[in-house]
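Contents: one structure, followed by commentary.
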Amino acid sequence: MRQILVAGNWKLNGSLDSVKQLVSGILGGVDDTGNTAIAVCPPFVYIPLVSNLLVGSKVKLGSQDVSDQESGAFTGEISGPMLKDFSCSYAIVGHSERRALYAENDEFTARKFAAARSCGLIPILCVGETLEEREAGITEQVVARQLDAVIELEGIAAIGDAVLAYEPVWAIGTGKTATPQQAQDVHAFIRGKLAGLDQAVADKVQILYGGSVKGSNAAELFAMSDIDGGLIGGASLQADDFLAICMAGN
Ligand code: PGA
């Protein structure tokens with residue numbers, strides 16, 4: 001049995017006060033979340049603060065992005081080793097907002113995945129199709145292409161040490177969740193594709209669903225056989241909403 005993981009992606013939200021409040025709210029309810037693994041991914045500048053607040057709790061820390069470079073003349077970048085200095089466990093790579101708004105392509109995303117891994121961060125690799133791609137019937141091709149860029153650079157075994165997140169772009173922040181069956185179909189496709197390369201990797205890797213997950217729909221999504229948790233945007237910004245999703249993992 002793969003453990004359910006619920007990861008909160010706070011995106012470009014928060015202030016010193018709201019971050020403290022959110023973390024304290026999450027920590028206040030974490031004892032009721034059973035076996036669900038939990039992570040939060042704050043904006044970079046709040047990582048040191050959140051890292052301190054999480055000491056001694058089961059909630060892990062992640063970043064929303066990571067540089068493909070380790071150090072040097074790369075103005076504005078944050079490297080994997082810097083994130084490790086503040087006890088980050090995870091780094092999201094290839095989120096659709098990075099791909100669409102900041103022109104990060106498959107190869108660049110693969111290099112970020114490699115950079116995260118090389119310093120011991122667990123990449124959370126996001127894949128997913130746009131509405132146009134779904135309507136054109138090429139969802140599987142798009143997701144396969146996004147995965148292949150990483151497998152070509154890092155090898156199939158690397159996927160076994162990572163987390164995948166299937167996030168249909170049309171479901172992100174829109175309130176339009178994929179139905180559990182729509183999500184399951186793509187998750188099963190991903191696992192089947194991996195199984196064709198390495199069965200053990202396919203059995204092991206957690207594949208999260210992301211896109212308008214809420215307390216009210218999380219349980220039916222997480223009940224699907226190939227859905228191993230969620231990457232949560234909007235609903236991760238309120239402690240009660242986020243905790244309700246974490247509890248749905250039980
Ligand atoms: P959402 O975002 O839950 O607000 O749809 C999910 C994500 O972008 O990771």
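Some points to look at:
- Were the residues from GLN238 through GLN181 laid out at 0.36 nm apart, the gain over their Cα-Cα distance would be 17.8 nm.
- Relative protection proxy for 29-41, 134-146, from highest mean packing down: 29-41, 134-146 (other beta-carbon atoms within 10 angstrom).
- Cubic angstrom per residue, convex hull over Cα atoms of the stretch 132-250: 104 Å³
- Rg and Dmax, both from the Cα atoms of the stretch 98-153 and both in Å, are 12.2, 39.
- Calculated mean residue ellipticity, 222 nm, the chain: -12500 deg cm²/dmol, from DSSP H runs (n ≥ 4) at -39500 (n - 2.57) each, averaged per residue and rounded to 500.
- Potential lengthening between ALA157 and GLU135 on full extension [0.36 nm per residue; Cα-Cα distance subtracted]: 4.7 nm
- The residue among ILE227, VAL6, LEU16 whose Cα reaches farthest toward the positive pole of the charge dipole of the chain, with charges on the beta-carbon of Lys, Arg, Asp and Glu, is LEU16.
- Dimensions of the chain along the principal axes, based on C-alpha atoms and rounded to the nearest Å, stand at 46, 45, 33, largest first.
- Dipole of the stretch 52-135 [Lys/Arg +1, Asp/Glu -1 at C-beta], most positive-end residue of LEU53, SER89, ILE124: LEU53
- Solvent-accessible area per residue in the chain equals 43 Å², computed with a 1.4 angstrom probe and all protein chains kept.
- Using only side-chain charges placed at the Cβ, +1 for Lys and Arg and -1 for Asp and Glu, the dipole size of the stretch 5-247 relative to its Cα centre rounds to 440 debye.
- For the stretch 1-78, the average shadow cast by the Cα convex hull is 6.5 nm², which is a quarter of the hull's surface.
The values are calculated or read from the model by the stated rules, or taken from the named source; none is laboratory data. Bear in mind the structure is a predicted one, so any value in this text is a computation, not a measurement. Cβ coordinates were reconstructed from backbone atoms using ideal geometry, including for glycine residues, and neighbour counts include every protein chain displayed. For accessibility, only protein heavy atoms count, side chains too; no ligands or nucleic acids. Shrake-Rupley method; radii C 1.70, N 1.55, O 1.52, S 1.80 Å.
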